[in-house]
Amino acid sequence: MTVTREDRWTADPGELLRVGPGFRLADVDADTTPGYDGRKKHGRADLRAGTDELADLQERLYAQSRQDPAAPSVLLVLQAMDSAGKGGIVRHVIGATDPQGIQLKAFKKPTPEELGHDFLWRVEKEVPEAGYIGVFDRSHYEDVLIGAVRELAPPAEIERRYGAINDFERRLTESGTRVVKVMLHISSEEQKARLMERLDRPDKHWKYNPGDVDERQLWPRYMEAFQTVFDRTSTERAPWYVVPANAKWYARLAVQALLLGVLEDIDPQWPTATYDVAAEKRRLAAT
């Protein structure tokens, strides 16, 4: 049964959540659900209803690329503090689509081989092919976030990386990739509660990392680093979107809406048959 998606958005999330001139992360209340005129039960229902539309658009995008090598692709970049819900986005939003048209990459600590190259070397190998939706669970932005906060690279190198990222994303968009960069914004208090829940539940112990507590102590510095990232790399071609994420249901719904907006703008089309359909029907009927 197809579920009808209600239009409870009072404003376009693609405009409402976009980082523009004068944006200040400190002004974003992570508890809010901007632009959505509904509660948790409505958000969950609309998310379920939106999965059919998202799956249809993704299949059309993939199908179009089978005939058109220059078909567009989409890259979803997910950045956040630990426990902000990146995994939930992958499961509940991306998980509703056909996996054959998805390229998912979770970037971990660089290997010795990767450290022997420029920081973008490992990233450029993972960009989505034509017709695919690529998802970066963490990304090249780790190299200017952790790199700056933990002083893993000198300031001059961090500065160079901002420019390198902008050049990289410009090349991506010029080649036909739509880049959707999302920061899932949770409060320090919400992160503390989520980490405590992992400790309270034996089935969540595997998700807990003692190093998360160390990172929490650097929270103000990370917020400053994110602000600098937005100031330096939210561009017209590849803007950032900051999604309040204390309410998991809202974060998932908002990211789904952002992807739907991009795919609707692409408007992928089913490829036309390269054979005589009527003749093939006759041949098949005769077997």
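Quick look at the values:
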| quantity | calculated |
| --- | --- |
| Single residue of the stretch 260-272 satisfying the filter (in a loop (DSSP other than H, G, I, E, B) and of a type outside the set (D, E, K, R)) that is surrounded by the fewest Cβ atoms within 10 Å (Cβ to Cβ) | Thr272 |
| Filtered residues of the stretch 1-38 (kept if of a type in the set (Ser, Thr, Tyr), assigned to a loop (DSSP other than H, G, I, E, B) and at pLDDT 95 or above) | Thr32, Thr33 |
| Search result, residues across the stretch 39-79 that are part of a loop (DSSP other than H, G, I, E, B) and open to solvent by 20 Å² or more (accessible area, probe 1.4 Å) | Arg39, Asp68, Pro69, Ala70, Pro72 |
| Test: Arg138 is open to solvent by 30 Å² or more (accessible area, probe 1.4 Å), at pLDDT below 95 and within 14 Å of the chain's Cα centre (by Cα) | yes |
| Subset of the stretch 154-185 that is surrounded by 17 or more Cβ atoms within 10 Å (Cβ to Cβ) and in contact with a Pro (Cβ under 8 Å, 6 or more places away or on another chain) - its residue that is nearest to Asp27 (Cα to Cα) | His185 |
| Residue within the stretch 103-122 that is under 28 Å from Ala247 (Cβ atoms), open to solvent by less than 10 Å² (accessible area, probe 1.4 Å) and in a strand (DSSP E or B) present | no |
| Residue that is of a type outside the set (Val, Ile, Thr), in a helix (DSSP H, G or I) and within 19 Å of Ile102 (Cα to Cα), where the choices are Ala164, Ala257 | Ala257 |
| Qualifying residue in the stretch 195-210 (condition: closer than 25 Å to Val19 by Cβ and of a type outside the set (Phe, Trp, Tyr)) | no |
| Residue selected from the stretch 103-123 under the condition in contact with a Phe, Trp or Tyr (Cβ under 7 Å, 6 or more places away or on another chain) and not aromatic (Phe, Trp, Tyr), by the criterion farthest from Gly43 (Cα to Cα) | Glu114 |
| Residues of the stretch 80-99 satisfying the condition of being in contact with a helix residue (DSSP H, G or I) (Cβ under 7 Å, 6 or more places away or on another chain) and in a helix (DSSP H, G or I) | Gly88, Ile89, His92, Ala96 |
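Each row is one residue, and each column tells you yes or no for (1) at pLDDT 95 or above; (2) farther than 30 Å from Arg160 by Cα; (3) of a type outside the set (Asp, Glu); (4) open to solvent by less than 50 Å² (accessible area, probe 1.4 Å).
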{"site": "Ala225", "(1), (2), (3), (4)": "yes, no, yes, yes"}
{"site": "Phe230", "(1), (2), (3), (4)": "yes, no, yes, yes"}
{"site": "Ser234", "(1), (2), (3), (4)": "yes, no, yes, yes"}
{"site": "Trp240", "(1), (2), (3), (4)": "yes, no, yes, yes"}
{"site": "Pro244", "(1), (2), (3), (4)": "yes, no, yes, yes"}
{"site": "Trp249", "(1), (2), (3), (4)": "yes, yes, yes, yes"}
{"site": "Leu258", "(1), (2), (3), (4)": "yes, no, yes, yes"}
{"site": "Thr274", "(1), (2), (3), (4)": "no, yes, yes, no"}
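The values are calculated or read from the model by the stated rules, or taken from the named source; none is laboratory data. From a predicted model like this one, the values you see are computed outputs, not experimental measurements. Glycine also receives a Cβ, built like all others from the backbone with ideal geometry; neighbour counts cover every protein chain displayed. Only protein heavy atoms, including side chains, enter the accessible area calculation; ligands, DNA and RNA are left aside. Shrake-Rupley method; radii C 1.70, N 1.55, O 1.52, S 1.80 Å.
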